[in-house]
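Enquirer: First the structure, then my questions, so here it is.
The values are calculated or read from the model by the stated rules, or taken from the named source; none is laboratory data. Computed from a prediction, not measured in an experiment: that's the story for all the values here. Using ideal geometry, Cβ is built from the backbone for each residue, glycine included, and neighbour counts are taken over all protein chains shown.
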Amino acid sequence: EDQVTQSPEALRLQEGESSSLNCSYTVSGLRGLFWYRQDPGKGPEFLFTLYSAGEEKEKERLKATLTKKESFLHITAPKPEDSATYLCAVQGPTAFGNEKLTFGTGTRLTIIP
Amino acid sequence: NAGVTQTPKFQVLKTGQSMTLQCAQDMNHEYMSWYRQDPGMGLRLIHYSVGAGITDQGEVPNGYNVSRSTTEDFPLRLLSAAPSQTSVYFCASSLSVTNSPLHFGNGTRLTVT
């Protein structure tokens, strides 16, 4: 069964203090790994898709990387507006020939001014 | 461009009542899905549709029905509400089933007493 584990559950950083969020996964045949951002009371918002080990993608202060077992979301010099819950999801094949998306429980990031 | 629109935003039901959560998208996406989000758990797939007239069960389908008569609309019906269905429900759509990021609505917070 596909599994996604995100750590830490919660992270508090000072403004400007860089850090990384981790997404460890187990899937038989990764089709794609997705990162989403979720603000309180809102739906998740798509950030990145990564497909193969070694791939990296960047957007403003965020950079996502992928290995065969985990993905990191690096946050450089974060600002208070980066405070949100960050969700990771992996897409893999099922026994029925279709695909399934499995979500982690997220990391709640708080940036203190 | 409204994206994915869900109504209502909040709903309180008594055990045994039925209701329909509405979802509409204006992006001409073929794939639509319903998730529930509970504390400490990742988003879990309830039902999905790969096109008008086609629906299928996800991970947690019991107690819910769906239909897809048009590309735009994908309502979720609770047949006889139970306290275990207290949750936040998200509708999501994407261009295709595979390797296509989901666009989420802002959710319906449902409480069953």
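Enquirer: Given (1) touching a His at 6+ places or on another chain (Cβ under 7 Å); (2) of a type outside the set (Gly, Ala, Ser); (3) in a loop (DSSP other than H, G, I, E, B), where does residue B:55 come up short, assuming only one miss?
Expert: Only one criterion in (1) touching a His at 6+ places or on another chain (Cβ under 7 Å); (2) of a type outside the set (Gly, Ala, Ser); (3) in a loop (DSSP other than H, G, I, E, B) is unmet by residue B:55, namely (3).
Enquirer: For the range B:55-91, name all the residues that are free of Cβ contacts under 8 Å to residues at least 60 places away in the same chain and at the interface with chain A (Cβ under 10 Å from one of its Cβ atoms).
Expert: B:56, B:58, B:59, B:88
Enquirer: So residue A:67 fits all but one of (1) β-branched (Val, Ile, Thr); (2) within 14 Å of chain B (Cβ to nearest Cβ); (3) free of Cβ contacts under 8 Å to residues at least 60 places away in the same chain; what number is the exception?
Expert: Exception for residue A:67: condition (2).
Enquirer: Considering A:92, A:29, which residue is surrounded by fewer than 20 Cβ atoms within 10 Å (Cβ to Cβ) and in contact with an Asp or Glu (Cβ under 7 Å, 6 or more places away or on another chain)?
Expert: After applying the criteria, what remains is A:92.
Enquirer: Criterion first (surrounded by 14 or more Cβ atoms within 10 Å (Cβ to Cβ), within 29 Å of residue A:93 (Cβ to Cβ) and without any contact (Cβ under 8 Å) to a residue 24 or more places away in the chain) does residue A:42 satisfy it?
Expert: No.
Enquirer: Moving on to the next point. Go through (1) closer than 18 Å to residue B:24 by Cα; (2) not in a loop (DSSP other than H, G, I, E, B) one by one and return the number of the condition residue B:97 breaks.
Expert: With (1) closer than 18 Å to residue B:24 by Cα; (2) not in a loop (DSSP other than H, G, I, E, B) applied to residue B:97, the lone miss is (2).
To keep it simple, each residue is scored yes or no on (1) within 14 Å of another protein chain (Cβ to nearest Cβ); (2) within 22 Å of residue B:102 (Cβ to Cβ); (3) β-branched (Val, Ile, Thr); (4) touching a strand residue (DSSP E or B) at 6+ places or on another chain (Cβ under 6 Å).
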{"site": "A:11", "(1), (2), (3), (4)": "no, no, no, yes"}
{"site": "A:24", "(1), (2), (3), (4)": "yes, yes, no, yes"}
{"site": "A:72", "(1), (2), (3), (4)": "no, yes, no, yes"}
{"site": "A:78", "(1), (2), (3), (4)": "no, no, no, yes"}
{"site": "A:82", "(1), (2), (3), (4)": "no, yes, no, yes"}
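Enquirer: Right, something else. Among the residues of the range A:45-68, which ones are among the β-branched types (Val, Ile, Thr), crowded, with 16+ Cβ neighbours inside 10 Å and more than 15 Å from residue B:98 (Cα to Cα)?
Expert: Matches in the range A:45-68: A:65 only.
Enquirer: Among strands (runs of 3 or more DSSP E) lying entirely in the range A:1-89, which contain 2 or more residues that are of a type in the set (D, E, K, R)?
Expert: A:56-59
Enquirer: Could you say whether any residue in the range B:33-48 is more than 13 Å from chain A (Cβ to nearest Cβ) and among the polar types (S, T, N, Q)?
Expert: No, the range B:33-48 contains no residue that is more than 13 Å from chain A (Cβ to nearest Cβ) and among the polar types (S, T, N, Q).
Enquirer: Another question, then. I'd like to know if the range B:92-100 contains one or more residues that are without any contact (Cβ under 8 Å) to a residue 24 or more places away in the chain and either under 24 Å from residue A:30 (Cα atoms) or buried (at least 16 other Cβ atoms within 10 Å of the Cβ) (or both).
Expert: For the range B:92-100, residues without any contact (Cβ under 8 Å) to a residue 24 or more places away in the chain and either under 24 Å from residue A:30 (Cα atoms) or buried (at least 16 other Cβ atoms within 10 Å of the Cβ) (or both): present.
Enquirer: Which residues, counting only those in the range A:89-106, are at positive phi and facing chain B (nearest Cβ under 10 Å)?
Expert: Residue satisfying the conditions is A:106 alone.
Enquirer: Filtering the range B:27-45 down to residues that are in contact with a strand residue (DSSP E or B) (Cβ under 8 Å, 6 or more places away or on another chain) and outside any strand (DSSP E or B), which residue is nearest to residue B:68 (Cα to Cα)?
Expert: Selected residue: B:30.
Enquirer: In addition: List the number of the failed condition for residue B:81; all other conditions in (1) part of a helix (DSSP H, G or I); (2) surrounded by 15 or more Cβ atoms within 10 Å (Cβ to Cβ) hold.
Expert: It fails just one condition, (1).
Enquirer: When you check residue B:20 against the structure, is it surrounded by fewer than 20 Cβ atoms within 10 Å (Cβ to Cβ) and at pLDDT 95 or above, yes or no?
Expert: When the stated conditions are applied, residue B:20 passes them.
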